[in-house]
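No value in this document is a laboratory result; all are computed from the given coordinates. None of these values were measured; they are calculated from a predicted model. Every residue, glycine as well, gets a Cβ built from its backbone with ideal geometry; the counts of neighbours run over all protein chains shown.
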Amino acid sequence: MDRTSIDLLQGTLGVLILKSLSWGPRHGYGIARWIEEVAADELLIEEGSLYPALHRLQARGLVTSAWTISETNRRVKSYTLSDQGRAQLKAELSRWQHFSAAITRVLDARRPRV
Amino acid sequence: MSGDPIKHQLFPPDIGRDVDDELAFHLEMRTQELESAGVPSSAARDAAERRFGDATRIARECRAIDERWHREQRRASMLADLRHDLAYAVRLLARAPSFTIVAAITLALGIGATTAIFTLANWALLRPVPGVSHPQELQQVWAGQRGNGFRPAFVSYPNFADMTQRLKTIRLAGTQDATVNVATGREPARSMPAAFVSGSYFDLLGVRFQAGRPFSQQDDNPSAATLVAVLGERSARLLFGSPEAALNAALLVNGVRLTIVGVTTAGFRGVDRINTKELWMPGSAQPAVNHYPPSMRLTDRGSGAFYQFTARLNHGGTWPQAEAELTSVAAWLAAEHPKENSRYHTAVGFHLMGPIGSNALGRERTATMLRLMLGVSALVLLIACSNVASLLMMRGIGRSGEVAIRSALGAGRLRLLRQHLTEGAVLWTLGGIAALFIVWVLMRTANGIALLGQRGGTAEGVPVDGRVVLFAMAVSLLAGILFSIVPALRAIRGGTSLALRQNGPSSTRHSLRAGTALTVVQLALSLTLAVGALLLAATVRQLSRVDVGFDPRGLYTFSVRPGSVGYTPAQAAIYRDEFVRQLSLVPGVQNVSVSIRAPFVQSVLTTRVKVDGKKEPLEPNATEVLSAGYFKTLGIPLRRGREFQPDDLGAAGDAARPVVVVSEALARALFGDADPVGRTIEFATMGRVGKSFEIIGVVGDVRINSLVGAPEPMVYEPAALTVPVRPDGTFIIRTAPGADIAGAVQRIAASLDAALPIVQPMRMEEAIGRARAEWDVLSRLLTTLAGVAGVLAVVGLYGVVAFGVASRRREFGIRLALGAAPARVVALVVRRTALIACLALLLGGAGATALARLLESRLVGVTPFDPFIWSGAALILLAGAALASWIPARRAVSVDVTRSLRTL
């Protein structure tokens, strides 16, 4: 099977992270796994780049973080979507839908009659 | 990681460790997953790392993001706290407007006094001279002999050219001050402060021009001077309407036609703030403008052009280097031209005289005076601040409930302290802003030169600049925080339990004790100031009664300079005679006399006098007399012999006889008790050396310049000792009491020659008053400040006593109910005040001793420990204290017994 890969647009990773957190808190690895599963390997991201993006979201107040102890007795940092982050996600989604609808309309257009 | 910002402040998270843990967890989880999918464990770790990317770079990036975020959060939380404290403080102060207003006014007085003095110091000493570029690179260089004062030695053009060539670390521009007659041909001539400057002057100072150009080296050519002038912006507007109109216009300076080639930028008034200039001419124009005889040529090495210079340090040079270079240049000049420059061998040299901006000799005096004034105003500030501090303390007692509630609700001690300090800072800043406003209004109308007790050029408002604002705000904030520390600590002390438990008396007593201590300090400081003010007032009184040796009442004086517009001596004599004739016709004029200088108006001329047989010459002051009746007009008593007769003075163009009149002090110094009349002395002034003169009379001693010290010995010589006579003259006129002849003098001058203005017209009492100006200023200032201090201290004492009475109301009520006589209750209150007053007397006595010692050098006719003044000041303090305790004591007795008992 041919693998189509899409280079992630600048800032798109942030939206993916926000989306992944919309069902509840996750740690960084959990977010990476979710993106992997949902995108079914169609989106190739360098896993490490997830973390600067996460920290940036935190500095912007879109996500909050807390340290918890895992079952294996390890310190795990998990992230939660803040109210502000939820609003941001909503705005980004509607923006994306408008954008993709517009692109789709353009690409599906028939040859114009002269 | 987010969460409580305060917790972050106290326990900053370990960002590096957090990031490392987070990333390590990810790699581990991935490795585990790969292993469980069947990848061998060694390959699994590698694969995980590959998928992750550059872990070091990512960790670094995360750390940077987190660190920036934490910094922002910390700053935000601090700002939020400050904003909260400020809002709270403003709310509290707004809730008690009368307290706030009283406190702010008190503080405005204290801060205002200090800021006003600082504004003066800033103007006179700190601010750069306006219109000059990089004034900090400039210093004054004077040529001459330093010692008691300064004896100038003029530098000739050839010497100046050599100096300019040999000096490597500095560049020099010469200046020679002059007061000249200026006319445009359209209006009457006027007298104008001017300076002759070397061609390098404007370039060296970096002066910008409103119109036209600065002088060039060609303009300043000693063998062929160009007759050009540069005018100040204000004078250009005054004389010609605009700077552009002044350009290329002709200006008659001392009757000589100069062409205006430039008009300087508005701010520039020369390098001296106090003796400002309006007109500049090339130094080489001196012979033409000053009407030198043809024998005096600036190209001669032995002649003179300048003794004051402005020096600019070249890049990389230092002032010590410059000083060494100046010394070696002086030595070189003496060695190269021994005949003309022999004087550079001796004590004469080139001296660095400090920064530009004011007369080098006067600056030290101004600085000392300003330091003294600043110190005194700081005392007033101290009183005002402690006054408000004790107000705050009493308010703190009223707020103990609020503090208790707040700390019960979890506000930490530190937080409460900060809140109180913020309140103080806000209150003091309020006072500071009010003070700045007062100072601004004061300085807009003030004449800085007069405020410093000096005489000088044009008076303008003293600028209130950024440095002054900064000073006022810094003083306010610092004093605000400092003086609210104690009230704040007192207010929050004990915290919850104590304040809630007790309802007053004990904490009241604590605060009362602190308030009492502050009151003692305030009263002591005002006693100190009162002693200082009284000492200076006594000095001024003494100075105004000093016997000057002549009768200044009704004396009027002015000068004319016919020589300055080209009169020959003979023409000048005719002019003077006609002026005297017309003056004597003016109603109210009793006597007119003409000489070269008048006491307290013109500068002093020193001479050398020797009696044959005695070795040591004396150096008395001299006055050149032009017309008979000098002593009669001034009212100087004749002790022995006779006055000058017209024959002695060389009437009708003849040379005067070699005769002199001496003062009693000089006669005593020369001959002891023997009769000096008929004896001869050897006498040298103004280059006339060594002739024998017969003493024809002895007159009483007079003061001619200073009101302090013993009158100096004087010799009076005929002005016409050599023919031709100097063409200038100073008129001294005795008028009937109440007669005003100023208008008549101006009318006569205009009718005789409109191109010849009169110079320095003034009443003699005014001239003598100027010699007192410095004391006047200091005395007035100290009296004002002492008054302010006294009122503040008495109000402070009243506050403490009244508060004490109020808090002991119940006790007094009980005492009265149990039959105590009202007088006993009054005694209780008064005893307390008396104790405060006694402590203040002791402490203030110590302070006054220090101030009196500081003032000692400025006291005249009064000793620093004058018993009358000291007891007077003590009486004022006691009277103030009595007044402050009388009203509260009355209230103590009028306590309503039943009501005070009911609140028990």
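A compact table of results
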item: Under Karplus coefficients 6.51, -1.76 and 1.60, residue-wise ³J(HN,Hα) of region B:134-146 in Hz, glycine/proline x; result: 6, x, 5, 8, 10, 9, 8, 10, 10, 9, x, 10, 8
item: 10 Å Cβ neighbours from other chains, averaged over peptide B:27-37; result: 2
item: Relative contact order of chain B, defined on C-alpha pairs under 8 angstrom at six or more residues apart (%); result: 14 percent
item: Phi-based couplings in Hz for region A:77-94 (Karplus 6.51, -1.76, 1.60; Gly and Pro marked x); result: 9, 10, 10, 10, 6, 8, 4, 5, x, 5, 4, 4, 4, 4, 5, 5, 4, 5
item: Number of partner chain Cβ atoms within 10 Å, mean per residue of A:26-35; result: 3
item: Tilt relative to chain B, helix B:15-36 - C-alpha long axis, 0 to 90 degrees, to 10; result: 40 degrees
item: Added length on full extension, which subtracts the Cα-Cα distance from 0.36 nm per residue, B:F437 to B:R824; result: 134.5 nm
item: Cleavage-rule hits (trypsin sites (Lys or Arg not before Pro)) in region A:16-88: DSSP loop, at most 16 neighbouring Cβ within 10 angstrom; result: A:R60, A:R74
item: Tensor-based shape of chain A (alpha-carbon gyration tensor, a/c under 1.5 rounded, otherwise prolate or oblate); result: prolate
item: Whole-Hz couplings from phi, Karplus 6.51/-1.76/1.60, listed for region B:158-168; x for Gly and Pro; result: x, 5, 4, 4, 5, 4, 4, 6, 8, 7, 9
item: Total formal charge among the other residues, if their Cβ is under 14 angstrom from that of A:Q88, Lys/Arg +1 and Asp/Glu -1; result: +4
item: Spherically averaged projected area in nm², based on the convex hull that wraps the Cα atoms of region B:135-356; result: 12.3 nm²
item: Percent of C-alpha pairs per 5 Å bin, region B:54-188, short to long; result: 2, 6, 6, 7, 7, 8, 7, 7, 7, 6, 6, 7, 9, 7, 4, 2, 1, 0, 0
item: Label-point gap, in nm, between B:S584 and B:R639 - each point 7 angstrom along Cα→Cβ; result: 3.0 nm
item: Antiparallel %, DSSP beta bridges [both residues in the protein assembly as shown], to 5; result: 80 percent
item: For B:V141, residues with placed amide H under 5 Å, excluding near neighbours; result: B:F309, B:T310, B:A311, B:M353
item: FRET efficiency, 1/(1 + (r/R0)^6) with R0 51 Å, evaluated for A:A102 and B:R17 via beta carbons; result: 0.65
item: Region B:700-770 - Kirkwood radius from inverse mean 1/r over Cα pairs (Å); result: 15.4 Å
item: Degrees between helix B:466-492 axis and first principal axis of chain B (Cα, 0 to 90, nearest 10); result: 40 degrees
item: In degrees, nearest ten, helix B:41-52 long axis to first principal axis of chain B (Cα); result: 50 degrees
item: Estimated Rh, the protein assembly as shown: Kirkwood, alpha-carbon pairs, angstrom; result: 37.2 Å
item: Cα-based Lys pair tally, chain B, threshold under 29 Å, eight or more apart or on separate chains; result: 9
item: Cα gyration tensor shape of chain B, rounded if a/c is under 1.5, else prolate or oblate by comparing a/b with b/c; result: oblate
item: Long-range amide H partners of B:V589 with built H, under 5 Å; result: B:A736
item: Region B:181-284, Cα convex hull volume normalised per residue, Å³; result: 89 Å³
